Structure formats: C-alpha cells, structure tokens
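The values are calculated or read from the model by the stated rules, or taken from the named source; none is laboratory data. Computed from a predicted structure; not experimentally measured. Note that we place each Cβ from the backbone using ideal geometry, even for glycine, and neighbour counts take in every protein chain shown.
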Amino acid sequence: MKSARHWFFSLHAGAAHALSISFSGGRWRWVYGEIERQQILSFKSIRASGGGTLEVVPKDDALLSAVSLERAIALVIRELPPALPRPQYVVVSVPSKHAYLGEIGVAKDERENLIRFQIQELMEAAAGESEREAAFDWQVKAELSDGSVSLAVAGIDQKQVDEILRACQACGLTCLGITLDTVAAMNGYLQMAPAALKSADIRFLLHGELSRNHVRLAVFSQGVLFNESWEHSEEGFSVVQAVSALERLVSTWTRDGAPEEVASVRLILGGELMYAKGCESTAKRSQTLSPRLIDIAPRKELQGRWHDDVVPFGALEAMPCE
C-alpha cells in the first residue's frame, strides 16, 4: 500500500522548528516540533500540541479568512512554552470540501506545460460560472495498458491559498505547504503503520471519521483520495448511531463497486468519538466493519489526543520538499 501523498505545495523547506495547524469547521488542532529535511519533511521531535476554536466560524463552504487564520496562528505561538524556540515555518491543512478532486488521462511522456494546460481547462470547467482561479497539483494514479497515464488531480480556490499565505506572512512564518485534512489524516496514520501493512497488497484503504455531528468515509486507492461520503446529525451522534452511520457508508460504497475480497479493503477509524467509552469495542463487534479494521499505534508524543493530532502531524510528515 502506497502512503498517502500530499497535495499542493512544498514551497520552501528548512531544518528548524515548525508549526503544523489543521482547520475543520470552527476548530483547529496544531502540532509543534523540530523538523528534518531529507527530500521529505519529518518531525525530528514533537514538543507541543493543542487546539482551539475560531472566533468566527465559517458558514457552509465559506473560505477561511486571512484574519481568522492569523489570529489562530498568533494565539498558538503565544501559547507555546517560553523555553521553546519560535517557529519559523508552518504547514496548513484545510477542509477537503474546499477542494476539487478529479483525474485526466495523458501520454506517458506528456510535457509538463501541456499537462498544466489540460488541468487548467478542467479547473475552469469545475468552477463554472464562478470563474474562480484554482491552485492545483497532480500525481500519477495509474499507468494504463495502452501506454498512457491516469493522473489524479486536486485543485483548491486560489483565493484560499492567498488568504493562507497572507496570514503566514503577517505572523512572520514561511509556509512550507498546504494540504487537505482528509489526506493529512490518512497520511498521519500511515506514517505510524507497521511495515507489514505498508507492504501489503491493499487495493482500497478507508478512513472512517466518527465525530459528534458528522461521520465521514474517505476512500483511498494507491495513496490517492478519490471518494468521500458523509452523514450529518444536528442533534449529535451517539457512539452506536455513529458506528451505524459508518456501516451504512461502507455498505453503500461496497455495493457500488468495491472488490469482494475483504483482505484488499482495510479500514482505519478516527475522529473525536474514538475517545468515547465503548466506541472502539462497538466498531469491533460490527460485522460490516470488524473484518476490515486495522489498529495503528499513535506517535508517542501525541498519544494523549492522537485522533485529533494525527491531522496536523500527517499534514507535515512526509511532505515533499525541495
């Protein structure tokens, strides 16, 4: 199983202290530590982590504003213990609902400028009448028998990128990269996965996020996010209700074309309800979920709030750098 690759940018890199912060709804989680660079970024050590709430919660699909982002980042820096060095760098992950995911087919030796042109056309079509510019990235999804290549494509509103970069600049930090919360979470879990899992022949890796007000199923194939489905509850899910909702999402996805072999489909559970009493045992009793479940030990420094901190941890860990 390939590790989940990061979308978007690796703008700069440096071996120093960095902050990784993830936004979801009106909340954020952050991880701070010393980083290393050896073609990819990694945490040499994690010194602190925490979370907070935005003063103004974005509604529906509203973008995160530079003002809100700056306030959150500045607050995190103030909360760091005085003995810790001020971070020079930051990685930001944003809700996946702000992104467009798709794919294109190109010749194996297609020139980069022609690939960019095709993706720009795809982004313009996706934007429709809004005509918003999109920042985008791509990676190889599959090499086809006819010699062509299928590329997985991700795009995010350029305005959101601009707001993030503006906030980072205002806080005196260099942005190392921007990614999606779903991709960051799966990547974080996979970084801590045993070697046997990483080398296993798994066609589909699922991430089930169990939260009070939503249950999300993210489906990855060969490290590429290509499908998400949700169930929401304004009243709030109980543990049993959340597990039942995830069962429905997994069953629907399986019915619509997943392979029959259970061994080729594995499931990782996360989300705030994982801290609730009986959540893990309820999932393990599920005939739908249990055969696919895998356990992954947390990063030692983050074991207290692992299912929260796995997102900012995974946003930076293994980020490609120049």
Quick check on the range 70-77. Is at least one of its residues free of Cβ contacts under 8 Å to residues at least 60 places away in the same chain and either part of a loop (DSSP other than H, G, I, E, B) or over 18 Å from Glu163 (Cβ atoms) (or both)? no
If we keep just the residues of the range 204-226 that are surrounded by fewer than 16 Cβ atoms within 10 Å (Cβ to Cβ) and not aromatic (Phe, Trp, Tyr), which is farthest from Gly270 (Cα to Cα)? Asn213
Lone unmet requirement of (1) under 25 Å from Lys159 (Cβ atoms); (2) touching a residue at least 12 places away in the same chain (Cβ under 8 Å); (3) surrounded by fewer than 18 Cβ atoms within 10 Å (Cβ to Cβ) for Leu64: (3)
Collect the residues in the range 129-161 that are over 17 Å from Asn113 (Cα atoms), in contact with a helix residue (DSSP H, G or I) (Cβ under 8 Å, 6 or more places away or on another chain) and either assigned to a strand (DSSP E or B) or at pLDDT below 75 (or both), keeping them in residue-number order. Glu131, Arg132, Ile156, Asp157
